[in-house]
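Please read the structure below before turning to the comments.
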Amino acid sequence: MNEQGLFQYGYSKDHRPDLAQIKVMLATLDPLGMPVATDIVAGNKADDPLYCPAITRVRETLKKTGLLYVGDSKMGAMQTRWFIHEQGDYYLVPLSATQIPESVLTSYLMEREQTAQELTEVYRDLDSGEPTKIAEAFEIEVEQMAEFEGNKINWKERHLVVRSIKIANAAQNSLKERVQQAQLELEQLNQPRKGKKRLIGLSSYQNEVERIIEKYQVEGLLNVEYATERKISQRRAYKGQPAQIIKEELVTLSVQVLSEALTQKLNSCSWRVYATNSPSEQLSVTDGVLVYRDEYLVEKGFGRMKGFPLSLTPMYLQREDHITGLIRLLSIGLRLLTLLEFEMRRSLSKNNEKISGIYPGNPKRKTARPSSELLLAAFKEITLVSVPIALGGNRYLTKFSPIHQQILIRLNIPLKTYTNLADDEGPPPSTSGEPSVMVSHLRE
């Protein structure tokens, strides 16, 4: 088996490690979601080295610099950030815990408190129609230095320190609950319970305390004090056993929550750092948060390619060139789906309108963000019937309903594009007992 080929076995997100795997890399235009570059590589390839070739292909296709590349934390590798910056483009990526350790994040928060830097509140219009606070953020400028092929490169980078309100509230509630549960379980060590092994000696208590604190991830938030008492008792002789003197070490725990440490931990919950080399004049703190939040999720494109309606899986091909060709062919279909969806949503947003009649079983339901799948499904009953010449040779097209006409108008597609295909609209005459007619579904 060729190590450089596409056929590789290993971890499968589809829970099929028994099948050979490939990896597909997509670069899409935001907010359109249309793929610009598609790379197919071996399934054992790491993600990090795939970004630079994909970015190069985007540049060759668009022939333009000054673009903003938005990606996940894997695109935040230092070499990738330098590669984007060196070519005159910009990046916006979240940094992982490895790239920004907790100690660095803590220093950022302390620096903001010492300088009394105000937080920027980020609002967004949600379904309620009213601006809702979704995040708060501040920025710190850092000097980056990287060395590649013996050359040292320096550039300025802005770190946007962002906290999501929704995630922060959930994380704070979770932390408070874990602290309460840990405190309760520690205090229960003082009470012997039926079915539980009795702890003997200070060391056994200390080991159990460490286990509970680690279990609930509340290190440094609880103060545990131990009170020991030595007890000496005498056991009398019994059935040939001599009398014994029993020495026991009784341990009592007292548990207190470290309020100051807990408050500091609560305040530091859910902060995340985004890195960008874009100047603040082009990408403010608010814009940076909204751009990342509103970016097109490329995973949606993968879902369309793998499942309905493009149906890449299951794949019954064996030759690598056939696999590559099929994926590239389906990427064209993905482009059409994203373009259809984008044009419809843009048309509706211009007049702040919604469309109805496309949800099966709920014709009154309205939406301003219809998917391509729903729009295409609305045409599934439209057929073009071609009658044999012996029966007249006419062609009949199913009559378009108002919702069909509305969709075509929104997409700037003339109705005559389809009505010109037929000689008449409506059902064809009965052909019982005659040669069969040819039926074509319009959406095919």
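Rounded to the nearest Å, what's the spacing between the alpha carbon centres of the stretch 334-392 and the stretch 169-245? Just the number, please.
Each part's Cα centre sits 65 Å from the other's.
Along the charge dipole of the chain, Cβ charges K/R +1 and D/E -1, which of Leu337, Leu50, Gly88 sits furthest on the positive end?
In the chain, that residue is Leu337.
What shape does the stretch 224-327 take by its C-alpha gyration tensor, where a ≥ b ≥ c are the square roots of the eigenvalues and a/c under 1.5 counts as rounded, a/b above b/c as prolate, and the rest as oblate?
oblate
Let me check against my output: what whole-number percent is the relative contact order of the stretch 153-268, with C-alpha pairs under 8 Å and at least 6 apart?
That works out to 29 percent.
Under a 10 Å cutoff between Cα atoms, tell me which one of Arg293, Arg230, Arg346 has the largest fluctuation in the Gaussian network model of the chain.
In the Gaussian network model the winner is Arg230.
Can you list residues from other chains, or at least 5 along the same chain, whose modelled amide H is less than 5 Å from the amide H of Asn394?
Answer set, sorted by chain and number: Val387.
How much area per residue is accessible in the stretch 1-117 when the probe is 1.4 Å and only protein heavy atoms are counted (Å²)?
On the way: 6640 Å² over 117 residues.
Solvent-accessible surface per residue comes out at 57 Å².
Pop out the carbon and sulfur fraction of the accessible area of the chain as a percent, whole number, probe 1.4 Å.
Working: 14100 of 27880 Å².
After summing per-atom areas, the C and S share lands at 51 percent.
Per residue and in Å³, how big is the convex hull formed by the alpha-carbon atoms of the stretch 176-270?
Considering the Cα atoms of the stretch 176-270, their hull volume per residue is 106 Å³.
Specify which residue in the list Thr252, Phe379, Asn223 is farthest towards the positive end of the charge dipole of the chain, using unit charges on the beta carbon of Lys, Arg (+1) and Asp, Glu (-1), about the Cα centre.
Working it through, the farthest residue towards the positive pole turns out to be Thr252.
Take Gln234 and Arg346, extend 7 Å from each Cα along the Cα→Cβ direction, and tell me the distance between the two endpoints in nm.
Inter-label distance under the simple model: 9.7 nm.
Connecting C-alpha atoms closer than 10 Å in a GNM of the chain, tell me which of Asp294, Asp423, Asp89 has the biggest fluctuation.
It is Asp423.
Could you pull out every residue, at least 5 positions away or on a different chain, whose amide H is within less than 5 Å of the one on Met34? Hs are placed 1.01 Å off N in the peptide plane, and Pro or chain starts have none.
Here Leu29 satisfy the definition.
By its C-alpha gyration tensor, with a ≥ b ≥ c as the square roots of the eigenvalues, how is the stretch 134-232 shaped: rounded for a/c under 1.5, else prolate for a/b larger than b/c, else oblate?
Verdict is prolate for the stretch 134-232.
How much FRET efficiency would the formula 1/(1 + (r/R0)^6) give for Ser356 and Val104, where r is the Cβ-Cβ distance and R0 is 51 Å, rounded to 0.05? Please list the in-between numbers first.
Values: r = 51 Å, r/R0 = 0.99.
So, using R0 = 51 Å, E works out to roughly 0.50.
Taking the structure as given and computing semi-axes √(5λ) of the Cα gyration tensor in Å, which label from (1) 36, 22, 22; (2) 60, 32, 26; (3) 43, 23, 19 fits?
(2)
Could you work out [θ]222 nm for the chain from helices alone, using -39500 (n - 2.57) per DSSP H run of at least four and dividing by all its residues? Round to the nearest 500 deg cm²/dmol.
-10500 deg cm²/dmol
Taking a ≥ b ≥ c as the square roots of the eigenvalues of the Cα gyration tensor of the stretch 366-419, is the shape rounded (a/c under 1.5), prolate (a/b larger than b/c) or oblate?
It is prolate, given that a/c is not under 1.5 and a/b is the larger ratio.
The values are calculated or read from the model by the stated rules, or taken from the named source; none is laboratory data. Owing to the predicted nature of the structure, the values given are computational and were not obtained by experimental measurement. FYI the Cβ positions are ideal-geometry reconstructions off the backbone, even for glycines, and counts take in every protein chain you see. Only protein heavy atoms, including side chains, enter the accessible area calculation; ligands, DNA and RNA are left aside. Shrake-Rupley method; radii C 1.70, N 1.55, O 1.52, S 1.80 Å.
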